[in-house]
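Here the structure is laid out as structure tokens; the discussion comes afterwards.
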Amino acid sequence: MNRVKGLAISLTAALPLLSGCEGLHAKPISNATANENPAIEKVNWYSPKERAREAARQDRDAAQVSDVRSEDAAASAIAYARTKIGVPYLWGGDGTKADGGRFDCSGLTKAAYAKAGIDIPRVANDQYDTTDVHPSWNDLRPGDLVFFGNKGDSRSIHHVGIFIGKGKMLHAPKTGTKIRVNDVHYMPDYFGATRVA
């Protein structure tokens, strides 16, 4: 007997075994018995109008959760950056062991948001473009990134800090300084802001 014919006979003999689960599907499955949780079971029997209402409610809940998470991320970023106050500035510093735990301005903001679980680009002008949300001065919230450069040219941005409220930012200023808090407008070329979270 050749191999192919032998394999065909073997498979034919196995078919009854493969279809032995028919008994499991002999009775129709009912959600009424499958779900012991009456709240879940109730959703299964909603009318189309009730389903639409329930979907809208869930969307509202999801939006509220997202807002809370954003606020938490911003708060986490600020809290991390606060632990670095007094650390000397290092141009190109990412806070690594090789950098002696030191940062430059965009290295600090990147590390702060990484601590909050959000990855942003390394360079300040790229950080400005990381989202399309650019709040006005009156709409700034703690955690927003504030930038400095020539108005109308995001590629000119040369500095970034983290807005912490009351017109102040936490930032790594420049060589010879330490990470600190300053009024945002102590620098004359405020460019704008980006909301990361």
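The values are calculated or read from the model by the stated rules, or taken from the named source; none is laboratory data. A quick note: this is a predicted structure, and the numbers were derived from the prediction, not measured. Using ideal geometry, Cβ is built from the backbone for each residue, glycine included, and neighbour counts are taken over all protein chains shown. Note: areas computed on protein heavy atoms with side chains; ligands, DNA, RNA excluded. Shrake-Rupley method; radii C 1.70, N 1.55, O 1.52, S 1.80 Å.
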Kindly list, by first and then second residue, each pair from a residue in region 97-124 that is on the phi > 0 side of the Ramachandran plot to a residue that is open to solvent by less than 20 Å² (accessible area, probe 1.4 Å) and in a loop (DSSP other than H, G, I, E, B), limited to pairs with Cβ atoms under 9 Å and residues at least 6 apart or on different chains. Gly100/Gly93; Gly101/Gly93
Report whether or not Lys110 is at pLDDT below 95 and either in a loop (DSSP other than H, G, I, E, B) or of a type in the set (D, E, K, R) (or both). no
Suppose we filter Gly192, Gly176, Gly143, Gly165 for residues that are at positive phi, in contact (Cβ under 8 Å) with a residue 40 or more places away in the chain and surrounded by fewer than 16 Cβ atoms within 10 Å (Cβ to Cβ); which single one remains? Gly176
Out of all the residues in region 179-189, which are open to solvent by 60 Å² or more (accessible area, probe 1.4 Å) and out of contact with any Phe, Trp or Tyr (no Cβ under 9 Å at 6 or more places or on another chain)? Arg180, Asp183, His185, Tyr186
Considering only residues that are among the basic types (Lys, Arg) and over 20 Å from Asp94 (Cβ atoms), which ones fall in region 146-182? Lys151, Arg155, Lys166, Lys168
Take the residues in region 73-102 that are among the basic types (Lys, Arg) and under 17 Å from Leu145 (Cα atoms), then tell me which one is most open to solvent (accessible area, probe 1.4 Å). Arg82
All but one of (1) of a type in the set (A, V, I, L, M); (2) more than 18 Å from the chain's Cα centre (by Cα); (3) modelled with pLDDT of 95 or more; (4) open to solvent by 50 Å² or more (accessible area, probe 1.4 Å) hold for Val133, so report the exception by its number. (2)
Please find, within region 113-130, the residue that is surrounded by the most Cβ atoms within 10 Å (Cβ to Cβ) out of those that are part of a loop (DSSP other than H, G, I, E, B) and among the hydrophobic types (A, V, I, L, M, F, W, C). Ile120
Would you mind telling me which numbered condition in (1) in contact with a Gly (Cβ under 7 Å, 6 or more places away or on another chain); (2) buried (at least 21 other Cβ atoms within 10 Å of the Cβ) Ser156 fails? (2)
When Cys105 is evaluated against the numbered criteria (1) in contact with a helix residue (DSSP H, G or I) (Cβ under 7 Å, 6 or more places away or on another chain); (2) farther than 18 Å from Lys84 by Cα; (3) open to solvent by less than 30 Å² (accessible area, probe 1.4 Å), which criterion, by number, is the only one it fails? (2)
